[in-house]
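Participant: Here it is, the structure, as C-alpha cells.
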Amino acid sequence: MERTEHPLLSPSLGHQKHLVSFRYGAEDARPKVYLQASLHAEELPGMLVAHHLRPQLEAAEREGRLRGQVVLVPAANPIGLTQRLNHRAMGRFEFGTAQNFNRHYPNLADALFDELRDRLGPDPQANVALVRAAATRWLRDWRPATELDSLRRQLFLLAHDADVVLDLHCDWEAALHLYAEEACWAPLAPLAWLLGCRAVLLARDSGGEPFDETLSGLWWRLAERLRAQGIHHPLPQACASATVELRGEADVSHDNARIDAKALMDYLLHLRVIDGPAPTIPRPSCEATPLAGSETLHSPVAGVVAFCVRPGDALAVGEVVAEVIDPTAPGASRVHRITAGVAGVLYAAIGERYVVAGGEIGKIAGATPFRTGHLLGA
Ligand SMILES: [Zn+2]
C-alpha cells in the first residue's frame with residue numbers, strides 16, 4: 001500500500017490543501033480500478049465505505065491476492081469540505097466560481113484527437129496504450145491556474161488510465177442507484193446487481209463534462225471521430241466508469257457501509273483484480289433505463305411537502321408522490337398533489353420539506369426517453 005499526499009495549487013497566502021490517495025498493488029498492474037468518494041463534499045456515505053474498504057484491500061495485498069491495482073481516494077474534495085455557510089456544509093459548488101465540483105472535466109477526446117489520428121494502428125491493445133500515454137502526457141503538461149482546476153487535474157491523473165472508475169456519491173434522500181454511459185454498461189452491470197441498485201440511468205454524453213463520463217467518453221468519442229473520418233483502426237472501450245449514488249445524505253451508517261464495501265470487494269473479485277472465488281452475481285434488481293427517460297418532478301406552488309411514497313417505490317402514472325400544502329391558502333386550494341408523469345422507480349427525493357414554486361420534488365426512472373439537451377441537474 002502506498003499513501004500519497006498530492007499538494008493542490010495554493011489559492012491564497014497561507015493556504016495549502018492536499019489530496020490523499022492510496023494505491024494497493026503494483027503501479028503497472030492490471031486491471032486497474034479507481035475509486036473515489038465525496039467529490040460533492042457533503043455526500044459522505046462513500047467516505048465511510050472507503051474506511052471499510054481500506055483494511056480489506058490491505059489484507060488482500062498482504063496475502064498476495066492482489067493481481068491488479070486499486071487506487072482509492074477516500075475524500076476527493078478537500079476544497080468543498082472546508083466550505084460552510086450558516087452552520088451548513090456547502091460542498092457541491094465552489095464558492096469562488098459557483099462551478100459544480102463534478103463538471104468541467106477536460107474533454108480528452110477533443111484534446112488528443114489530432115495528435116492520435118495518424119498514430120493509431122491495427123493492434124487494439126497497442127492503441128489503448130498509445131491513447132493512455134497521450135492522456136498522461138496531456139495531463140502532466142496541463143498547468144492549472146486555479147486551485148479548483150488543480151484538483152480536477154490531480155483526480156484525472158490518478159483515474160484517467162483505469163479500466164474501471166467508480167465515483168461514489170449520494171442524493172438527498174434516495175434508493176441506491178447508478179449512472180453510466182451506454183458504451184460501458186455491460187461490464188458495470190454485475191456491480192449494479194451486487195450493490196442491489198433500484199435504478200440504473202444510462203446516457204450517452206449527458207452534458208456538462210462530469211468526472212465519470214469524461215473518462216469513459218474519451219474512448220467512444222475518439223472511436224466515433226475516427227470512424228467519421230473513415231479511419232477504422234480498432235479502439236476498445238478501455239474505461240468503464242460509473243457514478244454510484246449510495247442512497248441519501250443521511251444514510252451514513254456502519255451497516256450500510258459494510259454492505260456496500262462487501263459488494264465492491266465482490267466486484268473486485270469478479271474483475272479478477274483480487275484473486276479468490278468468483279462471487280455469484282445476483283439477479284438484476286431493476287431495469288436499466290435511459291437518463292433521458294428520467295422525470296424530475298417539480299412543484300408549481302410553494303408549500304410544506306408531505307411525501308406519500310418513499311425512494312425505491314415503483315410508481316404508476318398518476319400516482320401521488322407528495323402533497324404540497326400551503327396552510328395559508330383558502331379552502332381546498334391549500335393542498336396541491338404532485339403526481340408521477342411516468343411509470344418507474346422514484347429513485348431520489350428532496351431532503352428539505354419546504355419547496356418554493358418551481359422547486360424540485362424528486363426523480364422517477366421512466367423507461368421511455370423524452371428529454372433532450374443537458375440531462376444532469378445543477
Ligand atoms: Zn453528487
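The values are calculated or read from the model by the stated rules, or taken from the named source; none is laboratory data. Only a predicted model underlies this, so the values are computations on that prediction, with no experimental measurement involved. With ideal geometry, Cβ positions are generated from the backbone for all residues, glycine too; neighbour counts draw on all protein chains shown. Protein only, heavy atoms only, side chains kept; ligands, DNA and RNA dropped before computing areas. Shrake-Rupley method; radii C 1.70, N 1.55, O 1.52, S 1.80 Å.
Participant: What are the residues in the stretch 289-301 that are among the hydrophobic types (A, V, I, L, M, F, W, C) and open to solvent by 40 Å² or more (accessible area, probe 1.4 Å), if any?
Facilitator: V301
Participant: Please state which one of G208, G196 is assigned by TED's automatic domain parsing to the domain that holds P74, within 16 Å of the ligand (Cβ to nearest atom) and closer than 27 Å to D251 by Cβ.
Facilitator: Of the residues listed, the single one that is assigned by TED's automatic domain parsing to the domain that holds P74, within 16 Å of the ligand (Cβ to nearest atom) and closer than 27 Å to D251 by Cβ is G208.
Participant: Can you tell me which residues in the stretch 339-364 are open to solvent by less than 10 Å² (accessible area, probe 1.4 Å) and not hydroxyl-bearing (S, T, Y)?
Facilitator: A340, L346, A348, A349, V355, I361, G362, I364, listed by residue number.
Participant: What's the total number of residues in the stretch 236-258 that are over 15 Å from E181 (Cβ atoms) and more than 19 Å from the chain's Cα centre (by Cα)?
Facilitator: 4
Participant: Can you tell me which residue in the stretch 225-247 is farthest from L188 (Cα to Cα), limited to those that are aliphatic (A, V, I, L, M) and within 16 Å of the ligand (Cβ to nearest atom)?
Facilitator: Going through the qualifying residues, I end up with L246.
Participant: Read through the list (1) closer than 17 Å to W220 by Cα; (2) aliphatic (A, V, I, L, M); (3) open to solvent by 40 Å² or more (accessible area, probe 1.4 Å); (4) within 16 Å of the ligand (Cβ to nearest atom), then give the number of the only condition that A183 fails.
Facilitator: (4)
Participant: Hey, could you check the stretch 99-139 for residues that are within 16 Å of the ligand (Cβ to nearest atom) and open to solvent by 40 Å² or more (accessible area, probe 1.4 Å) and say which is farthest from A162 (Cα to Cα)?
Facilitator: Taking the candidates together, the pick is Q99.
Participant: May I pose another question? Return the residue satisfying two criteria in turn: it lies in the stretch 331-378 and is of a type in the set (S, T, N, Q) and not in a loop (DSSP other than H, G, I, E, B), and of such residues it is farthest from T243 (Cα to Cα).
Facilitator: Across the stretch 331-378, the extreme among qualifying residues is S333.
Participant: Moving on to the next point. Return the residues of the stretch 153-171 that are farther than 10 Å from K32 by Cβ and either buried (at least 24 other Cβ atoms within 10 Å of the Cβ) or within 15 Å of the ligand (Cβ to nearest atom) (or both); say none if nothing qualifies.
Facilitator: Result: L155, L166, D167, L168, H169, C170, D171.
Participant: Return yes or no: is T289 modelled with pLDDT of 95 or more, of a type in the set (S, T, Y) and within 22 Å of D163 (Cα to Cα)?
Facilitator: no
Participant: Is it fair to say L44 is of a type outside the set (V, I, T), in the same structural domain as V164 (by TED's automatic domain parsing) and under 19 Å from the mean Cα position of the chain (by Cα)?
Facilitator: yes
Participant: Still on this model: For R92, all conditions in the list (1) out of contact with any Lys or Arg (no Cβ under 7 Å at 6 or more places or on another chain); (2) farther than 21 Å from D212 by Cβ hold save one; what is the number of the exception?
Facilitator: (2)
Participant: Would you confirm, using the coordinates I've provided, whether A203 is within 16 Å of the ligand (Cβ to nearest atom), closer than 21 Å to A292 by Cβ, assigned by TED's automatic domain parsing to the domain that holds N77 and surrounded by 23 or more Cβ atoms within 10 Å (Cβ to Cβ)?
Facilitator: Judged against the criteria, A203 is not a match.
Participant: Select from the stretch 39-65 the residues that are away from the ligand (no atom under 15 Å from the Cβ), in a helix (DSSP H, G or I) and surrounded by fewer than 21 Cβ atoms within 10 Å (Cβ to Cβ) and list them in ascending order.
Facilitator: Within the stretch 39-65, H51, H52, R54, P55, Q56, E58, A59, E61, R62 qualify.
Participant: Now for a separate question. Look at Q69 and say whether it is more than 15 Å from the ligand (Cβ to nearest atom), buried (at least 19 other Cβ atoms within 10 Å of the Cβ), at pLDDT 95 or above and not charged (D, E, K, R).
Facilitator: yes
Participant: Still on this structure, I have one more. Only one of (1) away from the ligand (no atom under 16 Å from the Cβ); (2) touching a Leu at 6+ places or on another chain (Cβ under 8 Å); (3) closer than 29 Å to G14 by Cα fails for G91. Which number is that?
Facilitator: Against the list (1) away from the ligand (no atom under 16 Å from the Cβ); (2) touching a Leu at 6+ places or on another chain (Cβ under 8 Å); (3) closer than 29 Å to G14 by Cα, G91 comes up short only on (1).
Participant: Go over the candidates P311, P279 one by one and state the one that is in contact (Cβ under 8 Å) with a residue 40 or more places away in the chain, in the same structural domain as E58 (by TED's automatic domain parsing) and either open to solvent by less than 60 Å² (accessible area, probe 1.4 Å) or assigned to a helix (DSSP H, G or I) (or both).
Facilitator: The conditions single out P279.
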